[in-house]
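To start, the structure itself, in structure tokens.
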Amino acid sequence: MAGATADDESSTKLVGRCSVFYYGVGHMLNDITSACWFTYLLVFLTDIGLPPRDAAIVMLSGQIADGFTTIFAGELIDRYGRFKVWHIAGSVLVAVSFSSVFGGCLPCKIIGSNSSSMQTIGYSFFAAIFNVGWAATQVSHMSMVNCITLNSTSRVVLASARNAFTMVANLSLYAVAFVVFNFNTGGTVMDVENQYRWIAYSSIFVGCCFVGVFYLGTEEPRLKREACEKGHVRISWTYWFNKLLYYQVALVYVLTRLITNVSQAFLAFYVINDLQMTQSSKALVPAVIYICSFIISILLQEMTWTGQRLKIFYSAGSLLWIICGIGILFLPSSMKAFIYILSIVIGVANALIMVSGVSMQSFLVGDDLNGCAFVYGSLSFLDKIICGLALYALESYQSSTPEVRNFHYLNVNVSVTRYGLGLVPAICALLGVFVTLSMKFPEPTLPHLMDPLLA
């Protein structure tokens with residue numbers, strides 16, 4: 001009896017800093033490749049001659065594969081566990097397929113055809129494989145949060161750590177990209193492919209190094225022995241579908257991912273085409289965003305968290321995004337230096353909404369650990385499908401209507417790029433505020449884990 005009490009106390013106490021570090025770096029490979037994927041994939045594909053609609057198809061194919069894999073992986077993880085097996089399998093697929101996407105169209109070389117149709121099929125195939133691996137790694141890593149500790153503050157600390165290392169991954173990518181874009185200015189299709197090949201290979205190397213640290217520092221989670229002896233009863237999907245909070249958290253999470261993913265995908269187009277900035281700005285402007293996000297994420301780790309504070313910080317981040325969205329929509333190219341000020345505010349806003357938005361999932365799960373992978377998987381499914389459709393619609397429309405409306409008195413051409421980077425995130429942020437304020441988070445409950453996850 002005394003041993004059970006000690007185990008319960010171990011599960012609810014604050015997680016140590018080393019443990020937070022080991023967990024936080026586990027998503028680095030996913031994060032650095034994802035940053036490259038959303039920032040540069042559409043730019044890369046259009047630069048090598050693929051029509052915008054075909055480039056959007058490549059992106060959409062990956063998002064659909066990602067979405068369905070999250071459901072599949074979440075179900076199997078809930079049934080059988082084995083978080084680290086799914087994590088390492090997904091990491092291998094990510095490393096291999098990502099190098100194939102930015103390394104050139106391998107099926108085109110095998111068949112000997114460089115037609116747009118063949119390129120679209122070839123890139124879509126490896127995009128799907130990449131996102132299958134990415135989803136398996138993501139679901140297994142996110143599900144671990146609720147198996148590490150049942151202390152609500154520790155869970156938010158872990159979410160903050162993951163967000164902080166996401167910023168480290170992004171900054172690593174943009175540092176490499178800044179060097180590459182400065183020393184190789186592109187020009188021919190071969191030059192463009194070499195640019196992104198260097199960026200891709202460097203990203204994989206850095207990500208794999210940090211994933212190795214994660215494997216060495218973490219242990220496979222074990223449910224309480226008593227629960228295993230009772231048959232490891234899984235929580236039914238209908239349990240979550242009967243909860244109002246599930247739908248509220250799902251909507252907030254999808255809106256949050258729409259804000260970050262859509263804005264990230266159009267940022268490079270915006271600074272080059274709309275603001276007429278240099279090629280290196282494709283790395284410098286996003287780097288400013290992620291430096292600010294990194295600083296804020298570190299500060300958020302030092303806070304004590306409650307459901308009320310999650311709502312306050314998410315609302316604050318959303319309001320900052322609304323202000324930035326309006327600024328982006330009407331910023332003339334003659335005042336392009338102001339993009340760096342907007343980038344600072346966007347970085348702060350992204351950190352606030354991502355940390356609080358992801359942490360809401362942990363509050364939703366509570367101590368229902370036998371269904372946590374389904375929660376993360378189903379929410380990620382919605383995120384991937386909706387983000388993929390949104391990006392496809394915006395990129396396809398951009399090919400036929402580059403300029404939507406002219407504001408001559410501001411010398412601003414309001415393009416689809418401006419809508420994608422400014423208006424869409426601002427609207428999503430506004431909706432997110434309304435949903436967040438209507439939430440009622442449950443109080444933390446008793447632990448159900450035998451041992452802490454991290455060594």
Before we move on, is Asn131 under 19 Å from the mean Cα position of the chain (by Cα) and either at pLDDT below 85 or buried (at least 19 other Cβ atoms within 10 Å of the Cβ) (or both)? yes
Let me spell it out: the conditions are (1) over 18 Å from Asp31 (Cβ atoms); (2) touching a His at 6+ places or on another chain (Cβ under 9 Å), and Gly112 meets all of them except one. Which number is the exception? (2)
Within segment 280-327, of all residues that are in a helix (DSSP H, G or I) and of a type in the set (D, E, K, R), the one farthest from the chain's Cα centre (by Cα) is Arg309
Output the residue which, of all residues in segment 314-331 that are buried (at least 23 other Cβ atoms within 10 Å of the Cβ), among the hydrophobic types (A, V, I, L, M, F, W, C) and touching a Leu at 6+ places or on another chain (Cβ under 7 Å), is modelled with the highest pLDDT. Cys324
The lone exception for Ala175 - which of (1) closer than 20 Å to Phe210 by Cα; (2) surrounded by 19 or more Cβ atoms within 10 Å (Cβ to Cβ); (3) at pLDDT 80 or above it fails: (2)
Just to be sure, is Ile64 surrounded by 15 or more Cβ atoms within 10 Å (Cβ to Cβ), of a type in the set (A, V, I, L, M, F, W, C) and within 19 Å of Thr33 (Cβ to Cβ)? yes
Looking at segment 53-104 only, could you name the residues that are over 21 Å from the mean Cα position of the chain (by Cα) and at pLDDT 85 or above? Arg53, Asp54
Residue count, segment 204-236, condition at pLDDT below 80, of a type outside the set (A, V, I, L, M) and in contact with an Asp or Glu (Cβ under 9 Å, 6 or more places away or on another chain), comes to 5
Flag if Ile64 is assigned to a helix (DSSP H, G or I) and more than 18 Å from Gly122 (Cβ to Cβ): no
Do we find that Ile111 is at pLDDT below 85 and among the β-branched types (Val, Ile, Thr) in this structure? yes
Given the condition hydrophobic (A, V, I, L, M, F, W, C) and either touching a residue at least 60 places away in the same chain (Cβ under 8 Å) or under 25 Å from Gly212 (Cβ atoms) (or both), answer yes or no: does some residue in segment 106-122 qualify? no
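The values are calculated or read from the model by the stated rules, or taken from the named source; none is laboratory data. Only a predicted model underlies this, so the values are computations on that prediction, with no experimental measurement involved. Every residue, glycine as well, gets a Cβ built from its backbone with ideal geometry; the counts of neighbours run over all protein chains shown.
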